[in-house]
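Each remark here refers to the structure printed beneath this line.
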Amino acid sequence: MKTKIALFLGLLLTANVSFAELKIGFVNIPAVLEKAPQAEKAKKRLEQEFSPRDKQLVSQQKEIQSMEEKMTRDASVLSESEKRKLESDILNKKRDAKRAQQEFSEDFNVRRNEELGKLQRRIVEAIRGIAKDQDFDLLLTEGVIYANDEIDITSQVQQKLSTMPE
């Protein structure tokens, strides 16, 4: 590891690169994602798309809960065959609800990832546009421990995203 660092430093010293001429910037991607207007619109689209299924899952859970309460409440007056039938119905409904919940989670995650992918592509497009317009030599996003406010262009990216069409 030390030899790699020494080699890197040696290359920097031997190469005639003047760092004073480099224009470097930094973008805080999580902050951009949090404040992007496209993110809010995507969230609303997801809520609108998955709200009916979510309500259906909630009603299934309530139905199962009421059946279990009936079983507990009426256990002494139910015949053995009625108890078995009610237990079987509860078990089947629980299985169906669990399956529906898993399908809902999988579908939601797929759609959320699609929306996130679209948004990330927009962010990259905005960052590249700013980099070209302002002649940046290097823009960093992740893995930066510290960035001076003078090179932080996060607000510019957010501003550019707000002007981009959906």
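The values are calculated or read from the model by the stated rules, or taken from the named source; none is laboratory data. Please read these numbers as outputs of a predicted model, since none were measured by experiment. Backbone-built Cβ (ideal geometry, glycine too); neighbour counts: all protein chains shown. Just so you know, the surface numbers come from the protein's heavy atoms only, side chains and all, with ligands and any DNA or RNA stripped out. Shrake-Rupley method; radii C 1.70, N 1.55, O 1.52, S 1.80 Å.
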**Total residues in segment 143-166, condition at positive phi and either surrounded by 14 or more Cβ atoms within 10 Å (Cβ to Cβ) or part of a strand (DSSP E or B) (or both)** = 0
**Request:** Would you check if Ala75 is modelled with pLDDT of 85 or more and out of contact with any His (no Cβ under 9 Å at 6 or more places or on another chain)?
**Result:** no
**Request:** Among residues belonging to segment 32-79 that are farther than 30 Å from Gln159 by Cβ and of a type in the set (Val, Ile, Thr), point out the one that is least open to solvent (accessible area, probe 1.4 Å).
**Result:** Ile64
**Fill in**
Note: among Ile151, Ile90, just one is touching a Leu at 6+ places or on another chain (Cβ under 9 Å), touching a residue at least 12 places away in the same chain (Cβ under 8 Å) and among the β-branched types (Val, Ile, Thr), namely Ile151
**Prompt:** What are the pairs, 6+ residues apart or on separate chains, where a residue within segment 129-145 that is within 11 Å of Phe26 (Cα to Cα) has its Cβ under 6 Å from a residue that is of a type in the set (D, E, K, R)?
**Reply:** Phe136/Lys23
**Asked** If Glu82 passes every condition in (1) surrounded by fewer than 14 Cβ atoms within 10 Å (Cβ to Cβ); (2) within 39 Å of the chain's Cα centre (by Cα); (3) acidic (Asp, Glu); (4) farther than 30 Å from Lys44 by Cβ but one, which one does it miss?
**Response** (2)
**Request:** Mind listing just one residue for me: the one in segment 94-142 that is among the polar types (S, T, N, Q) and within 19 Å of Gln61 (Cα to Cα) and, of those, least open to solvent (accessible area, probe 1.4 Å)?
**Result:** Ser105
